[in-house]
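Note sheet for the following structure.
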Amino acid sequence: MNPFSTLGIRHDIVNAITDLGFETPTPIQEQSIPVLLSGSNDFVGLAQTGTGKTAAFGLPLLELIDFTKNYPQALILCPTRELCLQITSDLNNYAKNLNDVHVVAVYGGASISDQLRQIKRGVQIVVATPGRMLDIINRKAINFSEVRYVVLDEADEMLNMGFQEDIDHILSTTPDDKKTWLFSATMPAEVRRIAKNYMTDPVELTMGKQNTGNVNIDHEYYVIRARDKYAAFKRIVDFNPEIFGIVFCRTKIETQEIAEALIKDGYNADSLHGDLSQQQRDKVMKRYRDRNLQLLIATDVAARGIDVNDVTHVINYSLPDELENYTHRSGRTARAGKSGVSISIINSKELGKIRQIERTIGKKFTKVDVPNGFDVCEKQLFAMVHRVHQVEVNEAQMESYIQRIMDEFAEMDKEEIIKRFASLEFNRFLDYYKNAPDLNAPVGDDRGDRGERGERTERFSRGSSSRGDYTRLFINLGSVDDFTRGDMLGFICNNAKISGKSVGKIDLKGVYTFFEVENDVAEAVQQNFKSVDFNGRTVRIELAGERDGGGSRERSGGFRREGGSRERSSGGYRDFSGKRRDESRGDRSGAGRTGGDRERRKRY
Ligand code: AMP
């Protein structure tokens with residue numbers, strides 16, 4: 001007998017979920033379905049997302065509701081539109097063999113009149129986000145007097161998002177004797193309060209240890225200097241050619257900046273954040289779901305409730321401010337019994353936060369080194385080889401060309417041909433990564449942080465050309481010459497024949513740039529640049545002290561010269577742009593993106 005039938009689910013539903021690939025119940029389904037099917041208890045389920053929660057409450061609901069009656073009998077509240085649509089579609093899928101089932105999704109950002117029309121036609125299950133639900137209640141467009149079951153899904157998220165009052169209000173319109181089923185990944189005091197206020201002796205089930213991340217998630221962290229963050233991030237992505245990931249940033253702006261930088265660098269990425277219209281969000285989500293997008297860059301709020309299967313990596317580009325959010329973030333991978341990796345890219349000062357998260361989730365993180373250029377090349381090469389092996393050949397289309405191709409290679413044996421095809425891709429990667437610096441920061445090294453702080457504090461005190469172990473140099477090229485800081489790093493290293501490790505802070509200006517190099521290479525840098533020119537212009541390198549007697553010059557003349565009113569007037573833009581540029585091409589070594597990206601774009 002099918003294990004779902006054993007739990008008490010009728011055949012029509014079992015057949016439908018079998019079509020969805022549900023063969024055995026997940027632990028939460030196994031434990032909660034029998035309890036909920038009785039229909040006589042309030043219920044609290046402490047479970048992570050991705051554990052099969054929707055079916056855990058959805059299947060019992062379908063058993064308990066009388067579909068011959070056409071009025072609301074169940075209300076499911078959830079935090080986001082995405083989750084709302086997901087639950088609605090899941091319920092419809094489970095119920096595809098049943099008659100007269102009417103489920104309506106009620107959520108903000110879409111036409112209310114369509115939703116009102118559907119409600120008017122008659123529904124038994126309402127799946128709603130709190131704001132829009134309240135709106136409809138206030139319009140007196142729905143009658144909840146016959147509601148027998150209320151499900152609060154991702155209760156902690158709803159409270160996080162400030163829906164507490166709305167929920168109180170909505171619940172007050174439902175009968176006192178209804179049963180309330182609450183699901184939450186965490187159990188903060190506010191969720192406890194809801195349980196206490198609205199429930200009588202709830203049956204409580206905890207799936208796994210409270211707050212424990214999914215056991216199928218590996219938690220990894222990379223320690224880098226703050227200024228190398230973007231470069232390290234890209235390298236990690238390159239090292240995982242099959243990545244299908246969600247990248248978390250702390251702010252909307254950071255989200256957008258990283259997405260833009262990635263797109264410019266040839267990656268298949270887009271951003272999801274609160275400033276997008278609902279339509280834009282839907283579009284991005286559709287592309288991601290359809291796998292036409294490889295990297296989704298998101299804020300915590302925007303990514304709430306996203307349920308996409310097969311996400312291979314969650315990347316914490318910035319650690320969350322609220323440590324609880326780490327669990328929500330990492331829960332976007334390793335869904336439905338799959339495994340996944342949650343990566344955090346940190347500087348050495350953030351190690352304490354990692355330890356704190358370890359304590360919260362009860363799991364150890366593994367420290368991983370940022371791969372070196374050669375490792376990335378090797379990984380990409382074999383990914384390419386694998387793709388060649390797997391590629392579907394369009395025989396019909398190929399037919400007209402194959403003879404000419406065969407003729408072209410007539411003189412070469414198989415090994416030679418393979419070597420050439422592989423080299424086509426490999427050479428480009430090798431070229432791209434040939435000067436790739438080591439991006440790992442020794443733990444305890446806070447150079448990067450000093451560098452970032454320096455950006456603000458040093459601007460007005462750069463009279464001296466020597467600062468500790470570094471010498472500050474001037475170069476007569478800047479952003480107007482289309483240099484990013486990463487480009488500048490590559491340009492300096494290539495021409496001065498020094499490693500990126502010897503270069504400190506790069507202060508890119510309009511028509512000039514200040515940069516730091518380690519004292520013992522400063523002389524060589526000046527010498528090696530003596531005969532360098534750029535687009536026919538002589539490149540001049542001088543000690544910064546000789547050029548720049550202090551901050552006044554920069555504050556008055558410097559910015560004006562570069563026509564940088566935007567930079568001057570908006571500190572935000574400058575910080576931002578500077579930061580992104582600094583990070584954005586950190587390991588480019590002057591090369592453009594490689595064919596690997598095009599390949600990637602095609603695949604996704
Ligand atoms: P949820 O926690 O409800 O968001 O479910 C996470 C994912 O697991 C969804 O994609 C479900 O379709 C899938 N799923 C739920 N229950 C099962 C099951 N018993 N067997 C296989 N997949 C499942």
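The values are calculated or read from the model by the stated rules, or taken from the named source; none is laboratory data. Because the structure is predicted, anything quoted here is derived from the model rather than measured. Here the Cβ is made from the backbone with ideal geometry for all residues, glycine too, and neighbour counts use every protein chain on show. These accessible areas exclude ligands, DNA and RNA; they are computed on the full protein's heavy atoms, side chains included. Shrake-Rupley method; radii C 1.70, N 1.55, O 1.52, S 1.80 Å.
Dipole of the stretch 465-548, Cα-centred, from +1 at each Lys and Arg C-beta and -1 at each Asp and Glu C-beta, to the nearest 20 debye? Don't jump to the answer; show the numbers that get you there.
On the way: 11 positive and 13 negative charges, 13 e Å.
For the stretch 465-548, the charge dipole is close to 60 debye.
Percent of alpha carbon pairs in the stretch 3-206 separated by more than 26 Å?
Taking all Cα-Cα pairs of the stretch 3-206, the fraction more than 26 Å apart is 26 percent.
Semi-axes of the stretch 217-371's equivalent ellipsoid from the Cα gyration tensor, sqrt of 5 times each eigenvalue, largest first, rounded to whole Å?
Semi-axes (√(5λ), whole Å): 22, 17, 15.
For the stretch 10-57, what class follows from the C-alpha gyration tensor (a ≥ b ≥ c being the square roots of its eigenvalues): rounded when a/c is under 1.5, otherwise prolate if a/b is larger than b/c, else oblate?
It is oblate, given that a/c is not under 1.5 and a/b is not larger than b/c.
Sort the following peptides by mean Cβ neighbour count (other Cβ atoms within 10 Å, averaged over residues), highest first: 469-480, 354-365. Please list the in-between numbers first.
Numbers: 469-480: 20.7, 354-365: 15.9.
Packing proxy ranking, top to bottom: 469-480, 354-365.
Just grab the label-to-label distance for Gln527 and Glu408, each label 7 Å out from Cα along the Cβ direction, in nm (one decimal).
4.8
By average Cβ neighbour count within 10 Å, what is the ranking of 407-414, 27-34 from highest down? Don't skip to the end; give the middle numbers.
Working: 407-414: 9.2, 27-34: 20.5.
For the peptides 407-414, 27-34, the packing ranking is 27-34, 407-414.
Under 22 Å Cα-Cα from Lys379, which lysines qualify once same-chain neighbours fewer than 8 residues away are excluded?
Filter leaves Lys229, Lys234, Lys367, Lys419, Lys434, Lys602.
Among the aspartates and glutamates, which have Cα under 15 Å from the Cα of Lys530 when same-chain residues fewer than 8 positions away are ignored?
Glu542
Rounded to whole Å and ordered largest first, report the semi-axes of the equivalent ellipsoid of the stretch 303-350 derived from its Cα gyration tensor (root of 5λ).
Taking √(5λ) for each Cα gyration eigenvalue gives 21, 12, 8 Å.
How would you rank 387-398, 78-89, highest first, on the average number of other Cβ atoms within 10 Å across their residues?
Final packing ranking: 78-89, 387-398.
Could you name the aspartates and glutamates in cross-link range of Lys353, using Cα to Cα under 15 Å and dropping any fewer than eight places away on the same chain?
Reachable aspartates and glutamates: Glu220, Asp321, Glu322, Glu324.
Which value results when the Cα radius of gyration for the stretch 465-548 is divided by 2.2 N^0.38 Å?
0.96
Please work out the FRET efficiency for the pair Arg10 and Ser277, using the Cβ-Cβ distance as r and a Förster radius of 41 Å; give the result to the nearest 0.05.
Efficiency computed from Cβ-Cβ geometry: 0.45.
Accessible area of Lys530, 1.4 Å probe, to the nearest 10 Å²?
140
Given a 1.4 Å probe, how much area per residue of the stretch 217-371 is accessible, in Å²?
Heavy-atom SASA per residue in the stretch 217-371 reads 34 Å².
Looking at Ala16, Leu36, Val127, which one has the Cα that reaches farthest to the positive end of the dipole of the stretch 3-206 (charges on Cβ: Lys, Arg +1; Asp, Glu -1)?
Val127
Calculate the translational D of the stretch 139-273 in whole µm² s⁻¹ from Stokes-Einstein, where the hydrodynamic radius comes from the Kirkwood formula applied to all Cα pairs, the temperature is 37 °C and the viscosity 0.692 mPa s.
Numbers: Rh = 19.0 Å.
So the translational diffusion coefficient is about 172 µm²/s.
I'd like the distance between the alpha-carbon centres of the stretch 337-364 and the stretch 250-303, rounded to an integer number of Å.
Going from one Cα centre to the other spans 23 Å.
If you take every residue apart from Gln164 with its C-beta less than 14 Å away from the C-beta of Gln164, what net charge results, scoring Lys and Arg +1 and Asp and Glu -1?
Residues close to Gln164 contribute a combined charge of -4.
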